[in-house]
Amino acid sequence: MNKNNWMSIRTGDIVLVRDYPNLQYKEAHAAPTKTRFAVVIGNFRGGYATLPAHAIVTKGGKTEQPYYRLKENELRVPANIISDRSDIALKGVIKAHRFPLIRKEQMILKVGSLPLETKIQLIDIHETIRNRPIHVLEMEKENPYYAKFMGFFKEVTLAEKMQFMRDDRGNHQYEFVRNEEFRVKAIQLLEKRNHLHILSVQLEGDKGTFTHTFATKKSLQEIREDWKEPKKAKEWIREDVKFYALWKNPFLQLKPDPQPHPDKYQSLEKFREKSSVLER
């Protein structure tokens with residue numbers, strides 16, 4: 001895999017990995033490493049040399065038999081997620097408790113990506129096994145930072161579900177810009193729903209401009225004061241109450257956002273003036 005390819009790797013991608021560690025090689029009388037498919041968590045754009053990856057295993061074809069029962073740390077690989085490689089048949093289960101660090105040099109090629117629904121199911125398995133001592137001991141032994149990677153995976157997946165930091169081409173950029181600062185370029189109050197203000201906001205930074213519809217419990221006065229300074233993308237996403245609702249229940253179905261009018265955006269300064277009048 002050349003630099004352009006591994007720089008495009010993102011959370012949820014499925015890659016073919018060389019020398020993936022086999023923890024049970026002694027009991028199985030097998031080699032200590034194996035070339036296998038794995039699900040990547042993270043990306044290399046932040047200067048990281050390694051990324052954790054969940055193994056995809058077939059157990060010698062046993063996982064495809066009708067009698068096979070999934071364990072609580074396993075998730076079946078969805079069918080037909082490889083569209084442009086007819087020579088590759090991807091089967092098996094994802095081992096959600098495996099977090100070995102994989103070097104970019106070990107990644108041979110990317111073959112697909114997990115759909116959003118599968119990533120949400122993987123979050124659910126993470127939440128289960130992090131409370132099981134038997135899995136915790138195994139995860140701590142292989143990678144003591146497993147909980148951090150679980151949290152990152154969950155945050156990035158929820159951002160995708162919220163369509164936060166999605167560019168004009170439909171690509172989700174949140175994990176690449178989460179530590180970048182953005183300021184309010186323009187804002188539009190869409191409606192007031194019970195105790196929530198619904199606003200469409202254009203966020204501008206060195207990595208581009210992104211539009212997102214926020215739902216916030218903050219008053220207009222608090223919005224005027226709290227949103228006048230730049231924030232990192234990972235701080236902006238936490239200004240939306242939808243993030244906290246999904247954090248509690250990633251399976252929650254969100255109501256469609258109202259559509260903004262392209263000609264009704266205004267600068268934050270003008271918004272502050274008009275909203276001050278509305279509150280008098």
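How about the range 221-241: which of its residues are over 21 Å from the mean Cα position of the chain (by Cα) and either buried (at least 18 other Cβ atoms within 10 Å of the Cβ) or outside the structural domain of HIS261 (by TED's automatic domain parsing) (or both)?
Passing the criteria: ILE223, ARG224, TRP227.
Would it be correct to say that GLU229 is assigned to a loop (DSSP other than H, G, I, E, B) and either among the basic types (Lys, Arg) or more than 20 Å from ALA96 (Cβ to Cβ) (or both)?
Considered against the rule, which asks whether it is assigned to a loop (DSSP other than H, G, I, E, B) and either among the basic types (Lys, Arg) or more than 20 Å from ALA96 (Cβ to Cβ) (or both), GLU229 comes out as yes.
Which ones in the range 169-187 are charged (D, E, K, R) and in contact with a Leu (Cβ under 9 Å, 6 or more places away or on another chain)?
ARG183, LYS185
Yes/no matrix, rows are residues, columns are (1) of a type in the set (Val, Ile, Thr); (2) in a helix (DSSP H, G or I); (3) within 30 Å of HIS126 (Cα to Cα):
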position	(1), (2), (3)
GLU175	no, yes, yes
ILE187	yes, no, no
THR213	yes, no, yes
ARG224	no, yes, no
LYS234	no, yes, yes
ARG238	no, yes, yes
ALA245	no, yes, yes
LEU252	no, no, yes
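When you check GLU204 against the structure, is it at pLDDT 95 or above and in a helix (DSSP H, G or I), yes or no?
The answer is no for GLU204.
Residue by residue, here is whether (1) over 29 Å from LYS119 (Cβ atoms); (2) of a type outside the set (Phe, Trp, Tyr); (3) out of contact with any Lys or Arg (no Cβ under 6 Å at 6 or more places or on another chain) holds:
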site	(1), (2), (3)
GLN202	no, yes, no
GLY205	no, yes, yes
THR216	no, yes, yes
LEU220	yes, yes, yes
TRP236	no, no, yes
LYS242	no, yes, yes
GLU269	yes, yes, yes
GLU273	yes, yes, yes
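Would you confirm whether or not the range 62-69 contains a residue that is more than 19 Å from ASN43 (Cβ to Cβ) and either buried (at least 19 other Cβ atoms within 10 Å of the Cβ) or touching a strand residue (DSSP E or B) at 6+ places or on another chain (Cβ under 9 Å) (or both)?
Yes; the residues of the range 62-69 include at least one that is more than 19 Å from ASN43 (Cβ to Cβ) and either buried (at least 19 other Cβ atoms within 10 Å of the Cβ) or touching a strand residue (DSSP E or B) at 6+ places or on another chain (Cβ under 9 Å) (or both).
The values are calculated or read from the model by the stated rules, or taken from the named source; none is laboratory data. Please read these numbers as outputs of a predicted model, since none were measured by experiment. Every residue, glycine as well, gets a Cβ built from its backbone with ideal geometry; the counts of neighbours run over all protein chains shown.
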